[in-house]
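Structure record follows, encoded as structure tokens.
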Amino acid sequence: MERKQLARRISVASGKEPADTVVKNGRIIDVFNGEIIEGDIAIVDGYFAGVGQYDGKHIVDAKGSYVVPAFIDGHVHIESSLVTPSEFAKVLLPHGVTTVIADPHEIANVLGTAGIQYMLDSSEDLPFDIYIMLPSCVPATSFENSGAILKAENLKPLYQHPRVLGLAEVMNFPAVLNAEDDMLNKISDAKQFGKKVDGHAAGLSGTDLNVYMAAGIKTDHESTTVEEAKERLRSGMYLMIREGTVAKDLQNLIPVVNGYNSRRCLFVTDDKHLDDLVLEGSIDHNVRLAIHSGISPITAIQMGTINAAECFGLSDKGAIAAGYKADFSLVEDLDTLKIVHVYKDGKAVVQDGMLVTDFSTIYMEDSDSLRNSVRFNDLLKANLDIPLSLSINKANIIEIIPNSLVTRHIVEEVDTCNQGLFQPSTSSDQLKLAVIERHHFTKQIGLGIVKGLGLKYGAIATTIAHDSHNLIIAGTNDDDMILAANTIKEMQGGLVVIKEGQVLASLELPIAGLMSDRPYREVYISLNNLHIALEKLGANDQFNPFLTLSFLALPVIPEIKLTDKGLFKVSTFEHINISPD
């Protein structure tokens, strides 16, 4: 801070000169004492200068509304919203969220450090704060082809950026346990720069949690039960309570929160799609759910504000008090959490629920690597052939569990043609699944069989396939699957629905095959059109088929998945044949 600004803030705080803005007649949420207080709120140069009795050049009459610190999302993958950082900000601001801690590991898996740099550059000069945690595991495993491999030396220079807060979710627990050189270098580099390290402790307990804590990993967002949550808190971790589009853990975990541990708990969304963000909201939705689950409104607000700020060392965020950033909302009612006005750095960005701020300085990147990341050879029908053992006539199959990232490994009889090739069966709900390497022209294609999507016709495809984001296609016939692949290549990434040789709906995602370059409202309309098209294929309506498809290639979530190198059994961490042994 410049000396002149400091002097002015002190002058306003002492009442010697008027504030830029004063908020009057508001009921202020005191996140430190857990109380509701009253007083004038003085703002100068985008910071709170004091709470008490103040005069200002501009008066905001809160008219009895609650004055709530702006919400902070402690862990999110912006790419999962399918829009650019600036469009993402437009969606979240009306929901009272002005700060997010983002892990750009989706785009990093496609473009490496160039993808991280894009996320940093494209989030500059926004009326919205996007902090970055550097991806720790690119690729997630060595059992697939990703667009990039990030070592410690690749990440180290990025710690110099003022909005880089640390190392993102460390998913590779074995690398930590075995003290592998590159993982130790990544963690020690973060510590050397005074940065944070996020965890990903799915399924870990006991000694394994001690290993994480001993390594300086202090957070986890993968708890799904009260027992897991308690153990993480007992270990000294911050508990990140997640409520996203697929992973919805809040109502299972909220009973663990009490008066002793609540300040060690914060909210995250992790992966949340655009349509859910528009309809439900972001961290405001988490806070609302917590309140409806019996948590006091002030405790829930603490979890969505000051707790997240303290977890990540954001010492000037998360509270309404002198010296803190003037990021806040005016809320009509704490039970429904109806957000009316939102202020960022003391300036109105949302009024009466409508965005009013200027986003004219939107970053646009036209680099070839960013917009031409979908590269694979033209497909032939023979590329999709799945030969099976004629003597067995059975296959290892991926069975979908609705609304879960976990799949089942089942063995069933399947239909074959005379040559012993697998034939999809809509009556048995056994569809062909393909993962096509799309980064380096490797010609690598993984083939498998999936049960549970429910398609009666056609094919669906997307370049969103966690975490390496190769092209994944599911279909009832080869012709529609090949058309889906060709359509995706022409669009340079996206989602597509095909039926009987026709493209019923599509969404172009030309930025790394992950994000649209269009306004979020247009993307929202395209998503709705995709949902309508899926109905024409007879898709299972118990879950989002595209979202489910996108996680069928993730080889770190049990029980069986498909990578571009073939069918993968997670429990043994090895590829297996489609024909059972």
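Before moving on, here are some points about what is shown:
- Peptides 425-432, 116-123, 283-290 ranked from most to least packed give 283-290, 116-123, 425-432, packing being the mean of other C-beta atoms within 10 angstrom over each peptide's residues.
- Dipole of the chain [Lys/Arg +1, Asp/Glu -1 at C-beta], most positive-end residue of I557, P424, A179: A179
- Dividing the summed -39500 (n - 2.57) terms of all DSSP H runs of n ≥ 4 by the residue count of the chain sets its mean residue ellipticity at 222 nm at -7000 deg cm²/dmol.
- Stokes-Einstein translational diffusion, the chain - Kirkwood Rh over all Cα pairs, 1.002 mPa s, 20 °C, in µm²/s: 86
- Legend: P(r) of region 70-311 from all alpha carbon pair distances, 5 Å bins from 0, whole percents, reading 1, 7, 15, 19, 20, 18, 12, 7, 2, 0.
- Links that overshoot a 23 Å alpha carbon limit, given the list K272/K569; K248/K317; K196/K317; K196/K347; K151/K196: K272/K569; K248/K317; K196/K347
- Relative to the longest principal axis of the Cα atoms of the chain, helix 283-292 runs at roughly 80 degrees.
- Taking each of K443/K561; K191/K325; K16/K63 in turn, the alpha-carbon distance tops 24 angstrom for K191/K325; K16/K63.
- Across every direction, the projection of the convex hull enclosing the Cα atoms of region 85-146 has a mean area of 4.5 nm².
- Derived scalar couplings ³J(HN,Hα) [region 340-355; Karplus, 6.51 cos²θ - 1.76 cosθ + 1.60; whole Hz; x for Gly, Pro]: 9, 10, 10, 10, 10, 6, x, 10, 5, 10, 9, 10, 6, x, 10, 5
- Rounded to the nearest 10 degrees, the angle from helix 478-491 to the longest Cα principal axis of the chain is 40 degrees.
- Rg over Rh, two decimals, region 369-575 (C-alpha only, Kirkwood Rh): 0.94
- For region 123-135, 3J(HN,Hα) computed residue by residue from phi via the Karplus equation (6.51, -1.76, 1.60; θ = phi - 60°) reads 10, 6, 6, 9, x, 6, 9, 10, 9, 10, 9, 6, x Hz, glycine and proline entered as x.
- In degrees, nearest ten, helix 181-192 long axis to first principal axis of the chain (Cα): 10
- Counting DSSP beta bridges with both ends in the chain, the antiparallel % (nearest 5): 70
Every read-out reported here was derived from the displayed coordinates using simple, explicitly stated rules and does not represent laboratory data. The structure presented is a predicted model; accordingly, all values stated were derived computationally and were not measured. Neighbour counts run over all protein chains shown; Cβ positions are idealised from the backbone, glycine included.
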